[in-house]
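Visitor: Mind looking over this structure? Questions follow.
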């Protein structure tokens, strides 16, 4: 064992075959194809947590699932503790509808392999290590993202869980109770900042920067914020043949102009870096021969600049209202979710950079376009993020792909960085 | 009985209470609310035909349902036949999803009341009278409208019934077989033009001309044609946060620009009278946090000018292709249905006008924006149409409304006009 101050070069064994088995095991849990559908607070998400829990218990870790549905495995130190503080790693196991096999899962599988490596490898550790699966990270079901990690950070109150509702009208509180969780007790899931030394999440990049530059790992400096709106347009349904053009109040024409306005504003040079997407749209009655009298669509606004993120949202809502009014339709806008961008602490990133350098890997500092649990965890524990490459930059689709070798390489950096945290004073 | 050449003023009793009962009876047959959902070739449409059939049989008419699902009740003449030719009236009993209680139904109920009036009133008739319920008039389910009447006119071949498919992937042939009809035998449903003297359909206006001018009946001179397209856009689904704006291939942004192009082209002054509507749109995967990689929408183009109708369709397809190409997405256009506008014969309209004038009712000659079975029947039998007012011009919605008094007034004109046809040489 080296001294606390020396750099630890891990010789522990990170094995691709075990990583591949874990990825395949989780991918088998899907509601329907194509791709993986394992939604936030669904029975299949719980089943995935149970598999994680079983594996960690068999390895000798103590495991529990909190009221928020986060599953946490703890490994005791092998040496006298330095200061009783905890270091952690992990990610999430839920998916968007028809998503991929790697978003979130890669980070959980990396955490599981790190746990196996340190338990079986028998290296000395001076701190408590926690391996965490956060619940309900994806915002696809309830609009709000990072739910389990928000609860850990004390950002969500029990009362709010009734007003977060999915497309079928099921509230988050009801969904949680249906899978045996306790929405009234989520305050008990909160983490204590004083206990934590640091946290590192491995995740797929979900962009094409690493792949296009043939770089093995990314080290995240900033995580984008996101503001999510649900927009409802009300016009007047009527017969497509009998209703003259000038008397129409077509909700879809209004919604279409809003979609184009979103695309135009996000492409404006002064919004460079803002991304705006309408991912969901529904019209009613939805008949070929009836003018749509009602339309509803989601708007997802992402930015690394907190101020610009909110100004874009305001600008969009004002533009939507102008469009609706000009087209003689009514508009309602509901705020579904709002998360600020987060600048991650440089000293944690420095440990990741040093670990990559020690292992002789190419790395690059880059921002994250997607939201991550790390954004929330960073309020409690200084947090870093390691990205591994995404083929063609695709994510949230069945084609999402990162090779076992790429995940294993990222996992080696993760383990080395965690060992550095373990050894730090 | 007057002579064949004199005007017949009917004194036969048209009763609002019976009309109201029939309207309520059919309105009770609906899949789900709001409004009436009784789709083409569904079990509920068949149930409605059965009610019509029962009522007509109890009245002493001979009734049969043909292979296409049209239900036809025949009343023999009371006097020696003039020339053995047939006069007819009727409409349809299917609806769009969440449509109203009157579209089609008003004309069937008027036909039922005419049958009761002449059977119970005991007036003399020199011709065979047919009361017809056409199957599957609404194009909302399969794209193609006026299916039963098209088969009567020999416009649809059995082989085509496999390629007309609803949103759930069920072909018209399968739907017909499921409700006990015989798609292979539809040629046997064809009418013989030599047998027919004339046909008159009563229908709600589905526009606001009659109501805004306080006119009791409309006499249709031209019925709009319609061209229906199914447009599919293929882009690339990916993560809304991870994918920069300039790398996107967003199928919904392309589709939205197509919706706006449709609205703009139809509102162009040189297209005065053309109506273009996108009534259905669907995106996949349909998640808040995934860029839509796929979108599909319907386009309904209506015109009273046959040439302009087809030029508009071509102009739209060319514009859609430009938009898709500029946005780096792929586009497929499928022709779902195509029906030409029809100019109805003046001599039948003249009988309706004369009947209205005799009864002291205000009437107006006007075009029909909607498609009707009359468009197809006119290929076999010289056809006229009587419109009754639609409140606020609304149709294909639960709010669709025409009062019992308004339907009864139209039914009196219908009966008088049929008596004039019966008496004509």
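Visitor: Looking at residue B:173, is it farther than 25 Å from residue B:276 by Cα, out of contact with any helix residue (DSSP H, G or I) (no Cβ under 7 Å at 6 or more places or on another chain) and away from chain A (no Cβ under 14 Å)?
Guide: The answer is no for residue B:173.
Visitor: May I ask you to list the residues in the range B:187-225 that are within 14 Å of another protein chain (Cβ to nearest Cβ), crowded, with 22+ Cβ neighbours inside 10 Å and in a helix (DSSP H, G or I)?
Guide: First pass over the range B:187-225, keeping only residues within 14 Å of another protein chain (Cβ to nearest Cβ): B:203-212, B:218, B:220, B:222-225.
Subset that is crowded, with 22+ Cβ neighbours inside 10 Å: B:203-207, B:210, B:218, B:220, B:223-225.
Result: B:210, single match.
Visitor: Condition test on residue A:271, is it surrounded by fewer than 24 Cβ atoms within 10 Å (Cβ to Cβ), in contact with a helix residue (DSSP H, G or I) (Cβ under 9 Å, 6 or more places away or on another chain) and modelled with pLDDT under 95?
Guide: yes
Visitor: Same structure, new question: Looking at the range B:56-77 only, could you name the residues that are without any contact (Cβ under 8 Å) to a residue 60 or more places away in the chain, surrounded by fewer than 19 Cβ atoms within 10 Å (Cβ to Cβ) and closer than 12 Å to residue B:116 by Cβ?
Guide: Residues satisfying the conditions are B:58, B:60.
Visitor: If I go through the range A:299-308 residue by residue, how many of them are buried (at least 22 other Cβ atoms within 10 Å of the Cβ) and more than 7 Å from every other protein chain (Cβ to nearest Cβ)? If you could, list the steps in order and put the result at the bottom.
Guide: Pass one, the range A:299-308, residues buried (at least 22 other Cβ atoms within 10 Å of the Cβ): A:299-303.
If we keep only those that are more than 7 Å from every other protein chain (Cβ to nearest Cβ) too, we end up with A:299, A:301, A:303.
Qualifying residue count for the region: 3.
Visitor: Suppose we filter B:273, B:279 for residues that are within 25 Å of the chain's Cα centre (by Cα), more than 8 Å from chain A (Cβ to nearest Cβ) and assigned to a loop (DSSP other than H, G, I, E, B); which single one remains?
Guide: Details: B:279 fails: more than 8 Å from chain A (Cβ to nearest Cβ).
B:273 is the lone residue from the list that is within 25 Å of the chain's Cα centre (by Cα), more than 8 Å from chain A (Cβ to nearest Cβ) and assigned to a loop (DSSP other than H, G, I, E, B).
Visitor: Further, regarding this structure: Scanning the range B:226-246 for residues that are touching a helix residue (DSSP H, G or I) at 6+ places or on another chain (Cβ under 7 Å) and surrounded by fewer than 22 Cβ atoms within 10 Å (Cβ to Cβ), which turns out nearest to the other protein chains (Cβ to nearest Cβ)?
Guide: B:245
Visitor: Taking the stated definitions as given, is residue A:126 at pLDDT below 95, in a helix (DSSP H, G or I) and away from every other protein chain (no Cβ under 14 Å)?
Guide: No.
Visitor: Determine, yes or no, whether residue A:243 is farther than 23 Å from residue A:141 by Cβ, in contact (Cβ under 8 Å) with a residue 12 or more places away in the chain, outside any helix (DSSP H, G or I) and not assigned by TED's automatic domain parsing to the domain that holds residue A:85.
Guide: It is true that residue A:243 is farther than 23 Å from residue A:141 by Cβ, in contact (Cβ under 8 Å) with a residue 12 or more places away in the chain, outside any helix (DSSP H, G or I) and not assigned by TED's automatic domain parsing to the domain that holds residue A:85.
Visitor: Scan the range A:381-397 for residues that are more than 10 Å from chain B (Cβ to nearest Cβ) and within 19 Å of residue B:245 (Cα to Cα) and jot them down.
Guide: Once the filter is applied, which keeps residues that are more than 10 Å from chain B (Cβ to nearest Cβ) and within 19 Å of residue B:245 (Cα to Cα), the range A:381-397 yields only A:391.
Visitor: Within the range B:251-262, track down each residue that is crowded, with 21+ Cβ neighbours inside 10 Å and either within 7 Å of another protein chain (Cβ to nearest Cβ) or closer than 16 Å to residue B:318 by Cβ (or both). Working first, answer last.
Guide: Step one: filter the range B:251-262 for residues crowded, with 21+ Cβ neighbours inside 10 Å, giving B:251-259, B:262.
B:252, B:253, B:254, B:256, B:257, B:258, B:259, B:262, listed by residue number.
Visitor: Restricting attention to the range A:137-154, does a residue exist that is in a helix (DSSP H, G or I), within 14 Å of chain B (Cβ to nearest Cβ) and either in contact with a helix residue (DSSP H, G or I) (Cβ under 8 Å, 6 or more places away or on another chain) or within 17 Å of residue A:377 (Cβ to Cβ) (or both)? Talk me through it step by step, then tell me what you get.
Guide: So the first thing to find is which residues in the range A:137-154 are in a helix (DSSP H, G or I), and the list is A:147-152.
Restricting the remaining residues to those that are within 14 Å of chain B (Cβ to nearest Cβ) gives A:147.
After this cut, where a residue has to be either in contact with a helix residue (DSSP H, G or I) (Cβ under 8 Å, 6 or more places away or on another chain) or within 17 Å of residue A:377 (Cβ to Cβ) (or both) as well, the list is A:147.
Looking through the range A:137-154, at least one residue is in a helix (DSSP H, G or I), within 14 Å of chain B (Cβ to nearest Cβ) and either in contact with a helix residue (DSSP H, G or I) (Cβ under 8 Å, 6 or more places away or on another chain) or within 17 Å of residue A:377 (Cβ to Cβ) (or both).
Visitor: In the range B:160-183, what residues are surrounded by 14 or more Cβ atoms within 10 Å (Cβ to Cβ) and part of a helix (DSSP H, G or I)?
Guide: B:160, B:161, B:172, B:173, B:174, B:175, B:176, B:177, B:183
Visitor: Could you figure out which of (1) within 22 Å of the chain's Cα centre (by Cα); (2) over 30 Å from residue B:400 (Cα atoms) isn't true of residue B:230?
Guide: Status for residue B:230: all satisfied but (2).
Visitor: Out of all the residues in the range B:1-33, which are part of a loop (DSSP other than H, G, I, E, B), under 28 Å from residue B:180 (Cα atoms) and either modelled with pLDDT under 95 or in contact with a helix residue (DSSP H, G or I) (Cβ under 9 Å, 6 or more places away or on another chain) (or both)?
Guide: B:29, B:30, B:31, B:32, B:33
Visitor: Oh, and also: Kindly check whether there is at least one residue in the range A:310-325 that is within 13 Å of chain B (Cβ to nearest Cβ) and out of contact with any strand residue (DSSP E or B) (no Cβ under 7 Å at 6 or more places or on another chain).
Guide: yes
Visitor: Which residues, taken from the range A:283-298, are at pLDDT 95 or above, part of a strand (DSSP E or B) and facing chain B (nearest Cβ under 8 Å)?
Guide: A:283, A:284, A:291, A:298
Visitor: Listed residues B:252, B:229, B:260; which is free of Cβ contacts under 8 Å to residues at least 60 places away in the same chain, under 24 Å from residue B:296 (Cβ atoms) and touching a strand residue (DSSP E or B) at 6+ places or on another chain (Cβ under 7 Å)? Give the derivation first.
Guide: On the way: B:229 fails: free of Cβ contacts under 8 Å to residues at least 60 places away in the same chain; B:260 fails: touching a strand residue (DSSP E or B) at 6+ places or on another chain (Cβ under 7 Å).
Answer to the check: B:252.
The values are calculated or read from the model by the stated rules, or taken from the named source; none is laboratory data. Given the structure is predicted, the values throughout are model-derived calculations rather than measurements. Neighbour counts run over all protein chains shown; Cβ positions are idealised from the backbone, glycine included.
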